[in-house]
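We did not get these values from a lab; they are worked out from the coordinates using the rules stated. Values in this document were obtained by computation on a predicted structure and should not be read as measured data. Glycine also receives a Cβ, built like all others from the backbone with ideal geometry; neighbour counts cover every protein chain displayed.
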Amino acid sequence: MAKHTHDYVDLKEQPIPEGSHLLEVDNLKMYFHTQDGIVHAVDGVSYTLDRGETLGVVGESGSGKSVTAMTLMGLIDMPPGKIEGGDARYRGKSLLKMSEQEMQHIRGNDIAMIFQDPMTSLNPVYKIGRQVGEGLRLHRGYTKKQALERAVELLDLVGIPNPEKRVNEYPHQFSGGMRQRVMIAMALACDPDILIADEPTTALDVTIQAQIIELMQEMQQKNGNAIIMITHDLGVVADMADKIMVMYAGRPVEFGTADEIFYDSRHPYTWGLINSIPKQETDEKKPLTPIAGNPPSLVNLPAGCPFAPRCPFAVDICHEQLPEHVTTETGHYSACHFADDPAFLKNAPATSRTAGSRRAAAEALADTAKEA
Ligand SMILES: Nc1ncnc2c1ncn2[C@@H]1O[C@H](COP(=O)(O)OP(=O)(O)OP(=O)(O)O)[C@@H](O)[C@H]1O
Ligand code: SF4
Ligand SMILES: [Mg+2]
């Protein structure tokens, strides 16, 4: 098995074909065929990503964020999953058409993912050093000793104290925040072209969140890789994302540059997310404004706009007709019937990218560091 490592042409060393992007996701659809019916988990996701860029993928629980990422990684079981349309191209090559053997080269090496739940992706019976070095042995032909040495360096890099000792410990000996750092070390081991981080900070306190994000950004500055940051909190990606895709009920409802999403948003669901961002100064006094109601079942989607049952602006047409993407000349799109109506767009809330909780946290951290 290990033999083909030498013959394999590492895709991330190949030039990106003229006119292509690093990653192009094009009307991607992944449905699950279950006893209860067809779950429309990912229904027409489109975006492009280039080297050095960060894409934020934002949406409530169950909106299809993880399934989208796992589809790119070839990690969805088919069946029950089935690709119902679209494509995803990495450096011009379709990920969906690759064999499992080709995908094994891509995963961890070209595209690496920090999974949502660190405990399910760390193996409890193996020492941390072995797990962090695994990718290097597999993709780079490192010896056991070389991989362990590099694992020590990587743990040091992600801020784990006493890495020489820690490589010989097991996952249960690490705290939640430290396990999250181990996951990041694992994902960074082979210098991936694309780093996908699926809610890497939800379980962590604000200070550690800020540190982890800073760490990913430092690595990005050094290596020029792209980042896909998945989160339910628009504030988390406010100042780090170049582009943002907002997902609702398996569909991308708005996509644009971070400035377009924050200062020129064209979808009422995004407006709701903006209103839900905790604002540091008012945190204690004012409750957040969560969006009332729940997302629809992905098995029996209502006719019309999936957001209509919760949308304060819904009118008759919204309940009858599925809105198409309304796209501007810069590629900013919104799936709302009124996305190009200037009077309607006046309803967008005033906001600021720097009002995000992440920026506030980072600033608090910088202040503490200055004082110390
Ligand atoms: N193997 C599966 N079989 C059937 N349905 C599935 C399967 N995996 C995921 N789903 C469904 O696909 C939808 C999208 O799930 P996904 O995990 O992508 O949501 P998410 O946006 O990542 O949510 P969260 O924020 O909670 O992580 C959900 O309705 C989920 O129940
Ligand atoms: S199409 Fe209608 S229901 Fe959907 S987001 Fe726009 S206004 Fe709201
Ligand atoms: Mg998820």
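Could you tell me which of the pairs LYS29/LYS65; LYS12/LYS144; LYS29/LYS97 are separated by over 22 angstrom between their Cα atoms in the structure shown?
On the way: LYS29/LYS65 12 Å; LYS12/LYS144 24 Å; LYS29/LYS97 14 Å.
Listed pairs above 22 Å: LYS12/LYS144.
Taking the Cα centre of the chain as the origin and placing charges on Cβ (Lys, Arg +1; Asp, Glu -1), which of VAL299, ILE274, VAL158 is farthest toward the positive end of the dipole?
VAL158
Under the 0.36 nm per residue contour assumption, what length would be gained going from the current alpha-carbon distance of ILE38 and ASP87 to full extension?
Numbers: separation 49, 0.36 × 49 = 17.64 nm, distance 1.99 nm.
That pair, ILE38 and ASP87, stretches by 15.6 nm at full extension.
Kindly rank 250-260, 30-40, 12-22, 85-95 from highest to lowest mean number of other beta carbons found within 10 Å of each residue. Walk me through the numbers before you get to the answer.
On the way: 250-260: 23.3, 30-40: 16.3, 12-22: 13.0, 85-95: 17.9.
Packing order, densest peptide first, comes out as 250-260, 85-95, 30-40, 12-22.
Per q in 0.09, 0.10, 0.13 Å⁻¹, report the Debye log10 I(q)/I(0) for the stretch 1-160, using one uniform scatterer on each alpha carbon and no solvent.
-0.36, -0.45, -0.76
Which distance in nm do the two modelled labels at ASP341 and THR328 give, with both placed 7 Å along the Cα-to-Cβ direction?
1.9 nm
Can you tell me which aspartates and glutamates have their Cα less than 17 Å from the Cα of LYS82? Leave out same-chain residues fewer than eight positions away.
The qualifying aspartates and glutamates are ASP26, ASP36, ASP43, GLU100.
Where the only charges are on Cβ atoms (+1 Lys, Arg; -1 Asp, Glu), what is the dipole of the chain about its Cα centre, to the nearest 20 debye?
Details: 35 positive and 50 negative charges, 224 e Å.
Around 1080 debye, computed over the chain.
Mind checking the full-extension length gain between SER352 and GLU320? Use 0.36 nm per residue of separation minus the Cα-Cα distance, one decimal, nm. Numbers along the way, then the final one.
On the way: separation 32, 0.36 × 32 = 11.52 nm, distance 3.40 nm.
Answer, rounded to one decimal: 8.1 nm.
Give, in nm to one decimal, the length gained when the segment between VAL9 and LEU96 is fully stretched (0.36 nm per residue of separation minus the Cα-Cα distance). Don't skip to the end; give the middle numbers.
Values: separation 87, 0.36 × 87 = 31.32 nm, distance 1.84 nm.
In short, 29.5 nm is gained.
Relative to the longest principal axis of the C-alpha atoms of the chain, give the angle of the C-alpha long axis of helix 144-157, reported between 0 and 90° and rounded to the nearest 10°.
Approximately 50 degrees, to the nearest ten.
Mind listing the phi-derived Karplus ³J(HN,Hα) values for the stretch 254-270, rounded to whole Hz, using 6.51, -1.76 and 1.60 with θ = phi - 60°, and x for any glycine or proline?
Coupling constants for the stretch 254-270: 8, 9, x, 5, 4, 5, 5, 5, 7, 10, 9, 5, 10, 9, x, 5, 4 Hz.
Among 163-176, 42-55, 261-274, how do they line up from the highest to the lowest mean number of other beta-carbon atoms within 10 Å?
Working: 163-176: 14.8, 42-55: 20.6, 261-274: 23.8.
Going from most to least packed, we get 261-274, 42-55, 163-176.
Which of the aspartates and glutamates could a cross-linker span from LYS145 if the Cα-Cα distance has to be under 16 Å and same-chain partners fewer than 8 positions apart are dropped?
Candidates past the 8-residue exclusion: GLU134, GLU153, GLU164.
So if I restrict to the alpha-carbon atoms in the chain, what is the Rg, and what is Dmax, the biggest pairwise distance, in Å?
21.2, 67
Would you compute, from DSSP H runs of 4+ residues alone, the mean residue ellipticity of the chain at 222 nm, taking -39500 (n - 2.57) per run and dividing by the full residue count, rounded to the nearest 500? Don't skip to the answer; put the middle values down first.
Values: 15 runs with 127 residues, N = 372.
Here the helix-only value at 222 nm equals -9500 deg cm²/dmol.
Could you check the simple spin-label distance between SER276 and MET103, using points 7 Å along Cα→Cβ, in nm with one decimal?
Between SER276 and MET103, the simple spin-label model gives 3.0 nm.
Helix 206-223 versus the longest principal axis of the chain: what angle, 0 to 90°, nearest 10, using Cα atoms?
For 206-223 against the chain, the angle is about 70 degrees.
Using the Cβ atoms and a cut-off under 12 Å, what net charge is assigned to the surroundings of ASN225, where Lys and Arg are +1 and Asp and Glu are -1? All intermediate terms of the calculation are to be shown ahead of the outcome.
Details: positive: LYS12, ARG51, LYS222; negative: ASP50, GLU53, ASP110, ASP191, ASP193, GLU218.
For residues surrounding ASN225, the net value is -3.
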